[in-house]
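Below is one structure; the comments refer to it alone.
The values are calculated or read from the model by the stated rules, or taken from the named source; none is laboratory data. Remember, it's a predicted structure, so these values are computed and weren't measured experimentally. Note that we place each Cβ from the backbone using ideal geometry, even for glycine, and neighbour counts take in every protein chain shown. Each accessible area value is taken on the protein alone, full model and side chains, heavy atoms only, with ligands, DNA and RNA left out. Shrake-Rupley method; radii C 1.70, N 1.55, O 1.52, S 1.80 Å.
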Amino acid sequence: MRKLFFPVFLFIFIPVSGYAQTTIQPAGKPQRISMKDHFFMRPSWAPSGDKLAFTGANQKGIWILELSSNDIFQLSDKSGAGYKFSWSPDGEYIAYRARYVEKKRARMAIEVVQVESRKIIKLSAKRKRLGLPLWGRDNKTLFFTRNEKLFSVDTGISVTKTLQKRFLPPENEIVFTRYQKLQIAQIDRPDSLEKFLKNTKVINPVLSPDGNYIACEEYVGDLIVLNRATGKRVDLGTGHRPAWSPDGKWVCYMVTEDDGHRYLASDIYISSIDGKRQFNLTQTDELLEMNPNWSPDGTAIAYDELQSGVIYIQKLQYEQN
Amino acid sequence: MKKFVTISILLILTISFFISPLQAQDLSGLSICIDPGHGINTPNQGPTGLTEHIINVRVARFLESYLKSANVDTVILTVDENSVEPGLSAREDIANQNGVDWFHSIHHNAWNGKLRYTLVLYEEIPYQKVPEWPGESDTMSYLMGFNLWQGYRTTHYSVRGDWSFYGGANGGFNLGVLNDLQMPGELSEATFHDNPGEEVKLRNLNFLQFEGLALYKSFLQYYDAGNWGFAPLGGIIYNKKTSKPIDGATVVLHPSEQTYKTDNYHNGFYSFPELQAGKYVVEVTVPGYEAGIDSIQVAENEFNFLDFYLYPHEAPIVKNSQPAEMDSAFSPYGMIEIEFNREMNTQSVKEALSVEPDFPYVLLWSPDHEKLRIDPKPVLLFGMRYIVTIDTMAHDIFNHPLDGNGDGIVGDPFQLQFTTQKIDLSRPQVLATEPFDLDSSVAISELVRVTFNKPLNEAELTENNIYIRGPMRKKIKINILINNTPSGRSILTLVPLEPLTPATRYNVTLVKAITDSNLIEMEKHFLFQFYTEEVQHNLLVIDNLNTGLNNWSDPMQSLRSQNFDPDSTSWLPDIQLLQDSSRVARLNYSFHADGLLDVSLTGYLEPFRDLQTEDEIGVYLFGDSSLTRFRFYFKDSADSLEAGAWHTIDWYGWKAVHEKIGIDSIFAFDGGTGSLDGQISLAGFQLKGTEGNEGVLFLDDFYLAGKSITSIETKKETTRPKSHILVQSYPNPFSRKLNHTGVSILFKIPNEMGGSPVNVSIYNTLGQKVRELVNQKLQPGQYENFWNGLDEYNQNVPAGVYFFRVQVGNLTETRRLIILN
């Protein structure tokens, strides 16, 4: 365990409403999180906001930052575990897809690790073509695809504390891709599939907290926000790896430039879901900020910097116009 | 958009048509993501406008089809023919989201329009410069590098970590498309699409199919998933006279009777990609050219090539002769050489040849029957005028009569007049030695060099006639190398095969029996002595370059390099034998103005990391007496670059060049301070030349001599690549008088190298190939070949030291061989 030297970050919940009149600006300089000889990326807030999890280079391993003490510890050293791991709604567990190599062939396994005890629960055999795990709202059920079919598994975890609604996934639904196409399933009826954008392959789909919108990237196109009820899509322009604000009114994402070989520039952007208000949060020429993730209380965004492997936490300032 | 979709469908259908159902190769259970680099908006076009993205996608389609034919579960292409430039993160996320087993990004390189080598890059951990996916992406990269090099016949292949490749001594950055992957992957640049000669080939779908095959083969090899099950055959049809590819050729394959018509893109390429192994006859016809016909044994699971050099309908002429017309000082020991511009009917030339005054001779032809050697028996007379005539009866293999005076009209004889030199009865003399006699501070890394005033007879340059004695009058083991300089001198280099002992006297003896090329002996024995310096230094070879140049960057990629001619500049592995090395580095250089070539150290050579005061960094450098200048440069704790002094290359042959840390002068360089502070590491070396400077240098055995080096033998052993070929020779030395069969050369091909190209060749001490014994693909097993001491013209080679090199795939073993009369 290693002590980090940066000021304790105090989260102050700021009610966010009326986004049409709101602008979002960085509040002060971002806090820097790093550890000597370690390269970190892809931060993800715990639902309770008291921890930040992130991975190492090439998604190897998971580390946890305790925001109250500034301590960092390694939770997992599994290859592949860091790619889109999923916090349980109660913030006690993290589910991930680990990568194993047997006779040169990669096999995936869905596993859950308890953050406190680091005890691992293995939920699947090592198989090919396993999708990423997603938690159900009940904190017990885990969903993943295998050979493009959706499966659910009971983790056997008993819920020990009352789950707060604002930390829960959308009501009874999960979003995933099947044959690279966007789909939503009812978690109590995994065979009831709702399909969207039938002619478009997508990546990085995320369901809004209220379940009404989906943000995703077209395979080789723009970042879009899809209204499920109306089918209307809003094109946010070039953007990658979207993440929702907790109130579901904003999307943060990264905008990158490259020459086909290396990244030349990258910044974190915030956009209203109608695409009418867009802000560059980072605005640096020399840093390559990537992989944003909004804190559960809406007051900060965590992201990483590609060249240094440093995680940043940027506090946000909401202003009414 | 509709047009794009139509083109895409047509392209996919066309590529599918090229690929017939294959034998069962098993890649089942795997998911592979193929990433054709760039997009339709990327302006990186070749000289005639072919965009890289289109090439990349076409190759990807071939690879996709082959992988599917081997039952791969899923093949995902990140982009297609119509894609604009998608972001690098999107390409990675497509692979990550789908949880594929492997990621491969297809690119084609561009630099200055002159290069054509294969480059494969894998991801490295920043600063540490070690593979991010050890044993996975680096292994696959080497397979791909080798296979692409074989399939495209590029000049060479280079496999590098991305962090090391992009940047100087400290590395630069990771490839954006690799650094966030959840699985191993790599990026290939099979060749250079901005090279005009390569671009015209890249327009041909069948040519791209070979790239798809090479990548496909790499996956099969990596996953031990079987072989292709067929034997691709390809080749290029050239104009024999201009060496340029010919359009519009019709190629017919017998017995299958398949026909291929070459395209009109000026590449001359033809292929039959999915043949069954066996012997085929290939017939080529082109209007205005002589027809070509040849046969080839096509091997399964290998790229097979058969090129044709077709003669246009023209008369044969003499291109060159040795001696030149009216030469007045031709050596009477020399052979007369006449080079024609095309393959001759040897019998007709023999009948048409006459010499005046007459002398006995033997005629020798080069294998392509273009070069004729007249070998006087025993020798010509001193101070005599000769006339060689080839009359109009001589004709080429197509019965075109000789155009002897080259005026474009047939029917003239060829005539060559020359005079031999007057007899030289002077004795060979030593002009200089390095170290000089009684030199008392000789570094233990030094080589001993002796300069003679005239060419020597190599047969007498044996360990009996030349030796170095150390303590207790014990002879030390040495290699004896001889190099004749352009000014007619001979340089003997004596290479100690074990480090010299500090503070020790050594005596060098050159026995009177050494003769010059006229077999005249030295007047007396020549002796000199020297003392090694007293410091307690040990010597450690850090990079013997036997495994290639992976630790060093290509000087043409360095931003510090300037005013060099890219056409005549290259940095390649080669053989130019020193000590027990099988490989050296060859630096061809040419400057069109005052210029510089910069080679930075990108690999991780541990002892170079923390140099101490009085440590000596050195390299053995084969000079060309060009007066170009060489220097090392270093990096210190302040992260600044500091350079050593320039060494003017005023010598010919091998010599140690070294820099002593803290003792020799240091100069500020590229932001440096002019002093070395703190942790010091070697960062590279530079060559500086002036307008018109051109030549070739060889480098071998970068070494460190220092107090801090403790276990020489142990460390040396660990830096040496392990042999898998197990080469032996017997008897060695080999006496032609006692043994008529020849020296036996035994080697073993391990199972994992089965089917690899094998080359066994004999080299003299100048590094010149004397005879090739084997050049074919061989299956695993033990093989024995005999060399009877004859060169490629079936002439006895002079007695002396030779080397035989066995190359199996990318493994090489070299051994010394002594031939006695």
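For this structure, a couple of remarks:
- Sequence-separation-based contact order of segment A:26-149, relative, with Cα cut under 8 Å and 6+ spacing, percent: 15 percent
- About the Cα centre, charge dipole magnitude for chain B (Lys/Arg +1, Asp/Glu -1 at Cβ), debye: 1880 debye
- Anisotropy class of the protein assembly as shown from Cα gyration tensor, a/c 1.5 cut: prolate
- A:Asp235-B:Ser665 pseudo-label distance in nm [points 7 Å out on the Cα-to-Cβ vector]: 6.6 nm
- Chain A: relative contact order as a whole-number percent, Cα under 8 Å and 6+ apart: 17 percent
- For chain A, a Gaussian network of Cα nodes joined below 10 Å ranks A:Ser68, A:Ser308, A:Ser44 by mean-square fluctuation, and the top entry is A:Ser68.
- Computed label-point distance, nm, for sites A:Gln320 and A:Ser69 using a 7 Å Cα→Cβ extension: 4.1 nm
- Pairs of Lys residues in segment B:430-534 that lie 8 or more places apart, or on two chains, and have C-alpha atoms under 22 angstrom apart add up to 7.
- Only helices enter the 222 nm calculation for chain B: every DSSP H run of n ≥ 4 contributes -39,500 (n - 2.57), and dividing by all residues gives -4000 deg cm²/dmol, rounded to 500.
- For the residues B:His369, B:His266, a 1.4 Å probe over the protein chains yields an accessible-area ranking, largest first, of B:His266, B:His369.
- Pairs over the 29 Å Cα-Cα cut-off, from the set A:Lys51/A:Lys249; B:Lys201/B:Lys240; B:Lys114/B:Lys635; A:Lys103/B:Lys201; A:Lys51/A:Lys276; B:Lys217/B:Lys769: B:Lys114/B:Lys635; A:Lys103/B:Lys201; A:Lys51/A:Lys276; B:Lys217/B:Lys769.
- Sequence-distant aspartates and glutamates (8 or more away, or on other chains) whose Cα lies within less than 18 Å of B:Lys688: B:Asp554, B:Asp565, B:Asp567, B:Asp594, B:Asp598, B:Asp624, B:Glu642, B:Asp650, B:Glu659, B:Asp670
- A run of chain B free of exposed loop cleavage sites, with GluC sites (Glu not before Pro) counted only in DSSP states other than H, G, I, E and B and at most 10 other beta carbons within 10 Å, reaches its longest extent at B:326-690.
- Interface A-B: total buried accessible area of about 3800 Å², 1.4 Å probe, protein heavy atoms only.
- Those residues of segment A:119-155 whose amide nitrogen sits under 12 Å from the label point placed on A:Tyr100, 7 Å along Cα→Cβ: A:122-128
- For B:Tyr265, solvent-accessible area (1.4 Å; no DNA, RNA or ligand), Å²: 100 Å²
- Gaussian network model of chain A, springs between alpha carbon atoms under 10 Å - residue of A:Pro26, A:Pro296, A:Pro89 with greatest fluctuation: A:Pro26
- Figure legend: label point modelled 7 angstrom from the Cα of B:Leu363 along Cα→Cβ; residues of segment B:300-324 with amide N under 20 Å from it are B:315-323.
- Residues of segment B:480-507 with an amide N closer than 20 Å to a point placed 7 Å from the Cα of B:Ser440 along the Cα-to-Cβ direction: B:501-507.
- Close amide H pairs (under 5 Å, H built 1.01 Å from N) link B:Asn44 with B:Glu52, residues at least 5 positions away or on another chain.
- Distances between placed amide hydrogens fall under 5 Å for B:Tyr311 paired with B:Lys240, B:Glu290, all partners being 5 or more residues away or on another chain.
- Prolate/oblate/rounded label for chain B (Cα gyration tensor, a/c 1.5): oblate
- Overall form of segment A:19-320 per C-alpha gyration tensor (a/c, 1.5; a/b vs b/c): rounded
- Karplus 3J(HN,Hα) series, Hz, for segment B:128-145 with 6.51 cos²θ - 1.76 cosθ + 1.60 (x for Gly, Pro): 6, 6, 10, x, 5, 10, x, x, 10, 5, 5, 5, 4, 4, 5, 4, 5, x
- Nearby lysines by direct alpha-carbon distance to B:Lys748 (threshold 19 angstrom, same-chain neighbours under 8 apart not counted): B:Lys722, B:Lys777
- In this label model, A:Asp285 and B:Thr48 are separated by 4.2 nm, measuring between points 7 Å along each Cα→Cβ vector.
- Whole-number percent relative contact order across segment B:430-534, with pairs defined as alpha carbons under 8 Å at least 6 apart: 35 percent
- Per-residue HN-Hα couplings for segment A:221-234 [Karplus 6.51, -1.76, 1.60; θ = phi - 60°; Hz; x = Gly/Pro]: x, 9, 8, 10, 10, 10, 7, 5, 5, 9, x, 6, 10, 10
- Computed over chain A with a Gaussian network model linking Cα atoms closer than 10 Å, the most mobile of A:Lys276, A:Lys103, A:Lys29 is A:Lys103.
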